[in-house]
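Undergrad: Handing you a structure now.
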Amino acid sequence: ERLIEENILTVTMSENKTDRTWRYKQEKVSIFDVKEILEKILTMVTSGYRLAANAPDYYHPGRSGSYIIKKDTLIAHFGEIHPSILSEMDIAGPIVCFELFLDQLPRLMTTKVKSPLILSQYQQTSRDFSFIVDKQLTVDKIINAIKNLKFDHIKKVSIFDVYEAQTIGEGKKAVALEVIMQSNQSTLTEAQINETSDAIIAIVIQECNGILRKQ
């Protein structure tokens, strides 16, 4: 059997990400923390990456994912370490991490020279949405559905809460997300924001069988 060595960057975060103060409650690390860091790194080298649901079994199922490029070239894993592994090692969780496969980066960086970063001078707007979806649906499918709208002024889509309870419904979960919008040409009008919001709601209903949850 041939032994293949790979160069992998691994970043791990554990326990609390903030200190407890009188103004803020203490927050534990989550999958979204490492996902954000990983996406910033990937954005520096390629714009062609996309989410995939599969991740190794040492990650928590449903709280992990992978990034791929082209058709099926694996570039990274991320997520929460499986609770059974933490239990065996007598480690208090949560622990989140990502693995970035560095051997892929030179090929990515030589295939395309990215355009200079252009910062918009116009005000950005954020809108929060909450959808009820099937419990088995991975959050990356919701994010990809929104990104596939191809609106240039949708700058960021991020999940900030996933909630399960009997009040949500059997086999269902509530997913709350924030969408940041900003145009490079002008300040977005209320009509443009509403049109974009309607398109987001429609695509999640259509592609993810989601139901808009009333706030």
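Undergrad: Around Q124, what is the net charge, scoring Lys/Arg as +1 and Asp/Glu as -1 over all other residues with Cβ under 15 Å from its Cβ? Intermediate values should be presented prior to the final figure.
TA: Numbers: positive: R127, K155, K156; negative: D128, D152, E178, E190.
For residues surrounding Q124, the net value is -1.
Undergrad: When the C-alpha atoms of the stretch 29-86 are aligned to their principal axes, what extent does each axis show, in angstrom, from largest down?
TA: For the stretch 29-86, the Cα spread along each principal axis is 34, 23, 13 Å.
Undergrad: Report F98's accessible area, 1.4 Å probe, all protein chains in place, as a number in Å² to the nearest 10.
TA: Solvent-accessible area, nearest 10 Å²: 0 Å².
Undergrad: Could you tell me which trypsin sites (Lys or Arg not before Pro) in the stretch 53-90 are loop residues by DSSP with no more than 10 other beta carbons within 10 angstrom of their beta carbon? Can you show the working numbers first?
TA: Working: sites: R63, K70, K71; in loops: K70, K71.
Those that pass, being in a loop and sparsely packed, are K71.
Undergrad: How large is ³J(HN,Hα), in whole Hz, for each residue of the stretch 91-100 in order, when computed from phi with the Karplus curve 6.51 cos²θ - 1.76 cosθ + 1.60 and θ = phi - 60°, using x for Gly and Pro?
TA: 10, 6, x, x, 10, 10, 7, 9, 10, 10
Undergrad: Can I ask one more? Based on the Cα atoms of the stretch 111-215, what semi-axes does the equivalent ellipsoid have, where each is the square root of 5 times one gyration tensor eigenvalue, given in whole Å with the largest first?
TA: On the way: eigenvalues 159, 50, 26 Å².
For the stretch 111-215, the ellipsoid semi-axes come out as 28, 16, 11 Å.
Undergrad: Further, regarding this structure: From the phi angles alone, apply the Karplus equation (6.51, -1.76, 1.60; θ = phi - 60°) to the stretch 137-148 and give each ³J(HN,Hα) in whole Hz, x where the residue is Gly or Pro.
TA: Computed from phi, the couplings for the stretch 137-148 are 5, 7, 5, 5, 5, 5, 4, 5, 4, 5, 5, 5 Hz.
Undergrad: Give K40/K147; K35/K155; K35/K135; K28/K71 a once-over and call out the pairs whose C-alpha atoms are over 28 Å from each other. Display every interim value, and only then the final one.
TA: On the way: K40/K147 16 Å; K35/K155 16 Å; K35/K135 21 Å; K28/K71 35 Å.
From the list (K40/K147; K35/K155; K35/K135; K28/K71), the Cα-Cα distance tops 28 Å for K28/K71.
Undergrad: With Cβ to Cβ distances under 12 Å as the rule, what net charge do the other residues near N54 carry (K, R +1; D, E -1)?
TA: Numbers: positive: none; negative: D57, D72, D140.
Around N54, the charge tally is -3.
Undergrad: Mind checking the dipole of the chain: about its Cα centre, +1 per Lys or Arg Cβ, -1 per Asp or Glu Cβ, Debye to the nearest 20? Before the final figure, lay out each step's value.
TA: On the way: 26 positive and 28 negative charges, 132 e Å.
It comes to approximately 640 debye.
Undergrad: Can you give me the distance in nm between label points at T43 and A199, each placed 7 Å from the Cα along the Cα-to-Cβ direction?
TA: About 1.9 nm separates the two model spin labels.
Undergrad: Accessible surface of K150 in the full protein assembly, 1.4 angstrom probe, to the nearest 10 Å²?
TA: 150 Å²
Undergrad: Dividing the Cα radius of gyration by the Kirkwood radius, what Rg/Rh value follows for the chain? Could the numbers behind the result be given before it?
TA: Numbers: Rg = 18.9 Å, Rh = 19.3 Å.
Using Cα coordinates only, the ratio equals 0.98.
Undergrad: Something else about it: Please check: in the Gaussian network model of the chain (C-alpha springs, under 10 Å), which one of L137, L38, L86 has the largest mean-square fluctuation.
TA: With Cα springs under 10 Å in the chain, the top fluctuation among L137, L38, L86 is at L86.
Undergrad: How much length would be gained if the chain were fully extended between N148 and I211, taking 0.36 nm per residue of separation minus their Cα-Cα distance, in nm to one decimal? Before the final figure, lay out the partial values.
TA: On the way: separation 63, 0.36 × 63 = 22.68 nm, distance 1.89 nm.
So the chain would gain 20.8 nm between N148 and I211.
Undergrad: Picking from S87, S64, S130, which is most flexible by a Gaussian network model of the chain using Cα springs under 10 Å?
TA: Top of the fluctuation ranking is S87.
Undergrad: Determine the gain in length on full extension of the stretch D134-Y122; use 0.36 nm per residue of separation and subtract their C-alpha separation, reporting nm with one decimal. Don't skip to the end; give the middle numbers.
TA: Details: separation 12, 0.36 × 12 = 4.32 nm, distance 3.72 nm.
Full extension of this stretch gives 0.6 nm more.
Undergrad: Working with all protein chains in place, sort M89, M44, M13 by solvent-accessible area computed with a 1.4 Å probe, largest first.
TA: Details: M89 120, M44 145, M13 50 Å².
Ranking M89, M44, M13 by accessible area, largest first, yields M44, M89, M13.
Undergrad: Follow-up. Using the heavy atoms of the protein chains and a 1.4 angstrom probe, tell me the accessible area per residue for the stretch 66-215 in square angstrom. Working shown, then result.
TA: On the way: 9160 Å² over 150 residues.
With the other protein chains kept in place, the stretch 66-215 gives 61 Å² per residue.
The values are calculated or read from the model by the stated rules, or taken from the named source; none is laboratory data. What you see is a predicted model, and the numbers here were worked out from it, not measured in a lab. Cβ: placed from backbone, ideal geometry, glycine included. Neighbour counts: every protein chain shown. Surface areas here come from the heavy atoms of the whole protein model, side chains and all, with no ligands, DNA or RNA. Shrake-Rupley method; radii C 1.70, N 1.55, O 1.52, S 1.80 Å.
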